[in-house]
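Just below is one structure, and these are the notes that go with it.
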Amino acid sequence: MDYRIMSFDSPLLHALHHMTDLHEDNDINKNPNAASRTYVRDAKAMAATPADIKEDAKSYVFVVDMPGLKSGDIKVQVEDGNVLLISGERKREEEKEGAKYVRMERRVGKFMRKFVLPENANTDTISAVCQDGVLTVTVEKLPPPEPKKPKTIEVKIC
């Protein structure tokens, strides 16, 4: 994406844009340490999806702004048993006949966030609700373990 289109023509943004697009100039055979296309794409998608995380006595709550998205555009998954993955795609509106964009500032494309859940998260009771452009994912906590009672061992006399 060219940030100059959006009236952000600062040297810092230009440098950041250039660094994130290095993978287009590098062949993996020329520079084996170059970031892969998938890594750069995922990093951009994660950086562009801010989230708030709240914790209360019974649950963890993840709040992510998703304006203009339908529930079919959003996926909430659990990977590797304890990694919450929120992903999806915002598609560009089709241009109508005779109309053209003068400026495009809203982000389009794929987005993704990954969160490592704590050990006391109950991944079997995750709920997700999207209302008024805000996705709320609630992960219930497991009850605290029962404290272990001391075990009495009978001493035998021989």
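What the table shows:
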quantity: Top-ranked residue in the stretch 114-158 [being among the aliphatic types (A, V, I, L, M) and in a loop (DSSP other than H, G, I, E, B); ranked as nearest to K70 (Cα to Cα)]; calculated: L117
quantity: Residue within the stretch 116-133 that is open to solvent by 90 Å² or more (accessible area, probe 1.4 Å) and under 13 Å from F62 (Cβ atoms) present; calculated: yes
quantity: Given (1) more than 16 Å from M112 (Cα to Cα); (2) among the hydrophobic types (A, V, I, L, M, F, W, C); (3) within 21 Å of the chain's Cα centre (by Cα); (4) modelled with pLDDT under 65, index of the condition M46 fails; calculated: (1)
quantity: E55, sole failed condition from (1) closer than 30 Å to P144 by Cβ; (2) open to solvent by 90 Å² or more (accessible area, probe 1.4 Å); (3) in contact with a strand residue (DSSP E or B) (Cβ under 7 Å, 6 or more places away or on another chain); calculated: (3)
quantity: Pairs where the first residue, in the stretch 51-69, is in contact (Cβ under 8 Å) with a residue 40 or more places away in the chain and under 12 Å from T136 (Cα atoms) and the second is part of a loop (DSSP other than H, G, I, E, B) and open to solvent by less than 80 Å² (accessible area, probe 1.4 Å), C-beta under 8 Å, 6+ apart; calculated: Y60/L117; Y60/P118; V64/T49; D65/G133; M66/G133
quantity: Residue check for G88: open to solvent by less than 100 Å² (accessible area, probe 1.4 Å) and part of a loop (DSSP other than H, G, I, E, B); calculated: no
quantity: Selection status of V108, open to solvent by 50 Å² or more (accessible area, probe 1.4 Å) and within 29 Å of K54 (Cα to Cα); calculated: no
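The values are calculated or read from the model by the stated rules, or taken from the named source; none is laboratory data. None of these values were measured; they are calculated from a predicted model. Counting neighbours? That spans all protein chains shown, and the Cβs are built from the backbone with ideal geometry, glycine included. Ligands, DNA and RNA are stripped out before the accessible areas are found, and what is left, the full protein with its side chains, is counted by its heavy atoms. Shrake-Rupley method; radii C 1.70, N 1.55, O 1.52, S 1.80 Å.
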